[in-house]
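The values are calculated or read from the model by the stated rules, or taken from the named source; none is laboratory data. What you are looking at is a predicted structure, and each value in this text was computed from that prediction instead of being measured. Here the Cβ positions follow ideal geometry from the backbone for every residue, glycine too, while neighbour counts run over all protein chains shown. Heavy atoms of the whole protein, side chains included, go into the accessibility calculation; ligands, DNA and RNA do not. Shrake-Rupley method; radii C 1.70, N 1.55, O 1.52, S 1.80 Å.
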Amino acid sequence: ISFDLPAGQTLAILGPSGCGKSTLLALIAGLVRPDSGSVLWEGQPLDDTPTHQRNFGLMFQDYALFPHLNVADNVAFGLHGPDKHRAAAHMLARLDLAGFEKRDVQTLSGGEAQRVALARALAPRPRLLMLDEPLGALDRALREQLTAELRGLLREFGQTAIYVTHDQQEAFGIADQ
């Protein structure tokens, strides 16, 4: 596969379950090494670049929130420095979760958990954000609401993103390509 994705745009990868969409994200993220070929970023191979040095964010379908951490600590997890909790609080406020900082993540609704996971993925300002069916576990009405909201947030942040889904309506609702 080969594609170009201009900065600040969202690419949707649409396909049925089991076709390799999530595997593609794992390859780009560096969680899986390709059997052949290379993953390139701006023309440079990433083959020898460790996952943690790629500055790519990945948001999973199940959100992968850490159950032993509260909301603020989940969002601050990928941040460094003395202002990391202030940055986490700012990101939570931007996602309409001000006041949720001390909440146990296991008490969140599906939509709240999705927003916390998105805040955690956006907080480090990754150069690429990959979203692996992030709305798949939500009911249709909430998915439709959050699709529009997510598209607006990605544009507001100028975030370059790859969005994986099997839902055609979602793909067309969020992606530039």
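Among the residues of region 127-156, those that are open to solvent by 10 Å² or more (accessible area, probe 1.4 Å) and within 11 Å of the chain's Cα centre (by Cα) comprise Asp132, Glu133.
When residues in region 20-46 are screened for being out of contact with any strand residue (DSSP E or B) (no Cβ under 9 Å at 6 or more places or on another chain) and either farther than 25 Å from Gly136 by Cβ or of a type in the set (A, V, I, L, M, F, W, C) (or both), 12 of them pass.
Is it the case, given these coordinates, that Ala119 is open to solvent by 10 Å² or more (accessible area, probe 1.4 Å), of a type in the set (A, V, I, L, M) and within 18 Å of the chain's Cα centre (by Cα)? In short, no. Taking the condition in a loop (DSSP other than H, G, I, E, B) and either at pLDDT below 90 or aliphatic (A, V, I, L, M) (or both), does Leu135 pass? Spelling it out, Leu135 is indeed in a loop (DSSP other than H, G, I, E, B) and either at pLDDT below 90 or aliphatic (A, V, I, L, M) (or both).
Scanning region 161-171 for residues that are surrounded by fewer than 20 Cβ atoms within 10 Å (Cβ to Cβ) and either among the β-branched types (Val, Ile, Thr) or not in a helix (DSSP H, G or I) (or both) gives His166, Asp167. Is it the case that some residue within region 150-160 is part of a loop (DSSP other than H, G, I, E, B), basic (Lys, Arg), modelled with pLDDT of 90 or more and farther than 17 Å from Ser22 by Cβ? Scanning region 150-160 turns up no residue that is part of a loop (DSSP other than H, G, I, E, B), basic (Lys, Arg), modelled with pLDDT of 90 or more and farther than 17 Å from Ser22 by Cβ. Taking region 149-169 as the range and being touching a helix residue (DSSP H, G or I) at 6+ places or on another chain (Cβ under 7 Å) and without any contact (Cβ under 8 Å) to a residue 60 or more places away in the chain as the test, the residues that pass are Leu150, Phe157.
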